[in-house]
Amino acid sequence: MANHLDLEEQEQLDQLKHFWNTWGNLISTVLLVVVAALAAWNGYQYWQNRQATQAAALFDAVEMAVASGDQARLEQAFADIRSKYAGTTQAGQAGMLVAKVQVGKGDMDAAKVALTWVADHAGDDGYKALARLRLAGLLMEKKAYDDALNQLSAPFPPEYSAVVADRKGDVLVQMGKKPEAVAEYSRAYKEFTDTVEYRRLVEIKLNALGVHLETVTMAASTEMPK
């Protein structure tokens, strides 16, 4: 009986050895890949959390500099967050805040620098879009109309299309291009929903150009597929 059990155990061992000889390298490789992937993911999560924490600290420094009116500290904190944590949400927030402060002080050149950086480098598409819209408005005030239109011709998230069309209309009015401005305002009016209060402002702009709501509505209905 004992000999019989010994033979069965030996057969099982032989089968296990054969299985391991056949598949052992593959199993080890797969396990290594899984372990490495888990380690990389955990490391990336830790790195992201650390980046966000440190970026938040620098954004706090920007806010404190704004509150205290310390221009040197503001410039230093913004420079640090740009150079070290450019891809974070806090960097985009800091750029928008710095631009707002500079506009309030009348330093349009400094505001332009901050907005340009956000538009080109922010990690959040929403902040990029807002920066381009505000930059276009700033350029329009400086009568740099072609530059403003270039900013508005950059890619925007779909949800900004109506606002972009409205801002293009503003620029084109300043350029004396009434037909083009009417086309952009009409596009903005049609893309804003009835619940958006800003739509009423676009309607006022159209009326000021001699275009009435009925004309825009009729044009929209003719564009609808039959």
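Across region 95-110, which residue is farthest from residue 67 (Cα to Cα) among those that are open to solvent by 60 Å² or more (accessible area, probe 1.4 Å) and not in a helix (DSSP H, G or I)? My answer is 107.
Yes/no per residue for (1) in contact with a Leu (Cβ under 8 Å, 6 or more places away or on another chain); (2) open to solvent by less than 90 Å² (accessible area, probe 1.4 Å); (3) at pLDDT 80 or above:
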position	(1), (2), (3)
13	no, yes, no
18	no, no, no
34	no, yes, no
48	no, yes, no
68	no, yes, yes
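To keep it simple, each residue is scored yes or no on (1) among the polar types (S, T, N, Q); (2) over 21 Å from residue 159 (Cβ atoms).
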site: 84; (1), (2): no, yes
site: 90; (1), (2): yes, yes
site: 95; (1), (2): no, no
site: 108; (1), (2): no, yes
site: 116; (1), (2): yes, yes
site: 119; (1), (2): no, no
site: 123; (1), (2): no, no
site: 130; (1), (2): no, no
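Within region 144-155, the set of residues being surrounded by fewer than 19 Cβ atoms within 10 Å (Cβ to Cβ) and either under 15 Å from residue 126 (Cα atoms) or touching a residue at least 40 places away in the same chain (Cβ under 8 Å) (or both) comprises 154, 155.
Residues in region 174-192 that are crowded, with 20+ Cβ neighbours inside 10 Å and not acidic (Asp, Glu): 181, 182, 185, 186, 187, 188, 189, 192. When we screen 199, 167 for residues that are basic (Lys, Arg) and either without any contact (Cβ under 8 Å) to a residue 24 or more places away in the chain or more than 21 Å from residue 129 (Cα to Cα) (or both), the only hit is 199. In region 193-215, the residue that is modelled with the lowest pLDDT out of those that are open to solvent by less than 80 Å² (accessible area, probe 1.4 Å) and either within 20 Å of residue 140 (Cα to Cα) or in contact with an Asp or Glu (Cβ under 8 Å, 6 or more places away or on another chain) (or both) is 213. Selection of region 107-134 for residues being under 17 Å from the mean Cα position of the chain (by Cα), more than 16 Å from residue 161 (Cα to Cα) and not hydroxyl-bearing (Ser, Thr, Tyr) yields 114, 115, 117, 118, 119, 120, 121, 122, 123, 124. Taking the listed residues 113, 171, the one that is part of a helix (DSSP H, G or I), open to solvent by 60 Å² or more (accessible area, probe 1.4 Å) and aliphatic (A, V, I, L, M) is 113, with no other qualifying. Residues of region 56-94 that are over 22 Å from the mean Cα position of the chain (by Cα) and in a helix (DSSP H, G or I): 61, 64, 65, 66, 67, 68, 71, 72, 73, 74, 75, 76.
The values are calculated or read from the model by the stated rules, or taken from the named source; none is laboratory data. Worth saying up front: this structure is predicted, and the values here are computed from it rather than measured. When we count neighbours, we look across all protein chains shown, and the Cβ atoms used for this are built from the backbone with ideal geometry, even at glycine. The accessibility values were calculated without ligands, DNA or RNA, using every heavy atom of the protein model including side chains. Shrake-Rupley method; radii C 1.70, N 1.55, O 1.52, S 1.80 Å.
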